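Peer 1: Let me give you the structure first, and then I'll get to my questions.
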Amino acid sequence: MRKRSGFTLIELLVVIAIIAVLIALLLPAVQAAREAARRAQCVNNLKQLALAAHNYESANGSFPSNLYLHQNYSSATYTWNNSSWLVFMLPQMEQQALVNAVNFSIMWGPNAGGNWPASVRGQQNSTVRLTVLNALLCPSDPSPPIDTKNADEIGTNNSAAGTSYVANLGDNCLQCGFFQPGVQTFCAATGYYCRGNQLADASTNTPGVPGQTTGSGII
């Protein structure tokens, strides 16, 4: 009978050690490749947002305002609505159905802060508020896509979808102190207008479309 040969225990341990070393060398390369892919996706998201902003500017004559001022803003109640520049650009991001679901006459949550009357508070916009858009999330961002760390009329106990990207407020001055609603105030120190009129003109009928007395929107 011919004797069958096999691996000794030492040979097996050597093979396992070699495999472990190869895996240890390969793992950082795999992680680096994945991070490069995530970084590329982030850059692509930014390019798409920039393209959407320029398409908005072509259609409306200015970039989207940073914040939509509710119709009540024209009175002494000083009310605004936290639908942001991202909401205004939804049509340019192929999300027309989503923006059609927004009720701009209602706030984004039930919080009673900011002198918001009960008639404009509620959860009517919660479906839109909780919609997560992957185009607004960087894959490298560890933040949860939905959280309760929201301010203003949404309230800290109410969930909302977030984003990894922010925009510059625009060409306005934040150092003018209190300003009268609907009145354009020029800040001589900086040569810019105050933020109230830059955000959105409450006298316009189209939500988020700046009027003649507003600034040029986000940059």
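Throughout, read-outs are computed from the coordinates displayed, never taken from laboratory work. Source: prediction; values computed, not measured. FYI the Cβ positions are ideal-geometry reconstructions off the backbone, even for glycines, and counts take in every protein chain you see.
Peer 1: Return the sequence-ordered ³J(HN,Hα) values of region 130-143 in whole Hz as given by the Karplus equation 6.51 cos²θ - 1.76 cosθ + 1.60 applied to θ = phi - 60°, using x for Gly and Pro.
Peer 2: 9, 7, 8, 10, 4, 5, 9, 10, 7, x, 7, 6, x, 5
Peer 1: I need V102, V120 ordered by Cβ neighbour count within 10 Å, fewest first.
Peer 2: V120, V102
Peer 1: Now a separate question. Using just the alpha carbons, could you tell me how many Å³ per residue the convex hull of region 8-166 encloses?
Peer 2: 145
Peer 1: Order by neighbour count: F63, F104, F88, fewest other Cβ atoms within 10 Å first, most last.
Peer 2: Working: F63 22, F104 16, F88 28.
Ordered by Cβ neighbours within 10 Å, fewest first: F104, F63, F88.
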